[in-house]
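S.K.: Supplied in structure tokens, the structure appears directly below.
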Amino acid sequence: MVFRVPGAAVLTLLLVACSAAATKIYIASPDGHKITTYTAAGVQTGPTITLPHRLEDMTVDAAGKIYVLGFDNTITTYTAAGVQTTPTISGLKGGPTGIAVDAAGKIYVADVASGTVTTYTPGGVRTIPTITAPPEASSLQGVAVDAAGKIYAADYVDGIITTYTAAGVK
């Protein structure tokens with residue numbers, strides 16, 4: 001299947017998050033200020049969410065809650081209906097570039113400046129583990145978490161993906 005974003009001749013910023021439970025696709029606008037939801041068949045569904053700041057990355061949990069990592073170093077959450085919810089985490093240090101959420105709602109943030117992945121509770125409180133990328137990974141940018149809680153940290157410059165246990169052990 002080919003999925004064509006309506007009205008987009010060129011996608012300069014393609015950030016896509018999928019919710020398996022609802023079979024929805026969330027796509028950021030080319031300027032990073034809007035998120036639009038589509039069905040797997042490519043039909044727009046729900047409202048377009050207009051963001052106060054340009055987004056850096058986004059993810060969606062199993063319930064359809066949208067987590068937006070903004071260029072303003074904040075994490076803001078939205079319901080599938082586009083209503084802003086909690087937590088809003090502000091004051092992230094360094095250069096946060098990637099975000100993921102696990103089945104329990106724990107939030108993971110990759111930071112390219114510090115080479116770390118920092119975790120937060122579903123309520124937005126910083127927790128452990130803070131994972132430090134291995135020396136051969138010079139530019140940690142992305143993070144993902146699978147259903148079993150295994151953490152994947154991606155270095156986009158060196159092409160390295162490092163895996164960690166849920167406790168942050170390599």
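S.K.: Looking only at segment 65-80, filter to residues that are β-branched (V, I, T) and not in a strand (DSSP E or B); which one of those is surrounded by the most Cβ atoms within 10 Å (Cβ to Cβ)?
M.R.: For segment 65-80, the residue satisfying everything is T74.
S.K.: Return the residues of segment 37-55 that are open to solvent by 20 Å² or more (accessible area, probe 1.4 Å), in a strand (DSSP E or B) and modelled with pLDDT under 90; say none if nothing qualifies.
M.R.: At the first step, the residues of segment 37-55 found to be open to solvent by 20 Å² or more (accessible area, probe 1.4 Å) are 39-48, 50, 52-54.
Imposing the further condition that a residue be in a strand (DSSP E or B) reduces the set to 39, 44, 50.
Selection gives T39, Q44.
The values are calculated or read from the model by the stated rules, or taken from the named source; none is laboratory data. Predicted, not measured: the structure shown is a model, and the values here were computed from it. All Cβ positions, even for glycine, are placed from backbone atoms using ideal geometry, and neighbour counts span all protein chains on display. Quick note on the areas: whole protein, heavy atoms, side chains included, nothing else; ligands and nucleic acids left out. Shrake-Rupley method; radii C 1.70, N 1.55, O 1.52, S 1.80 Å.
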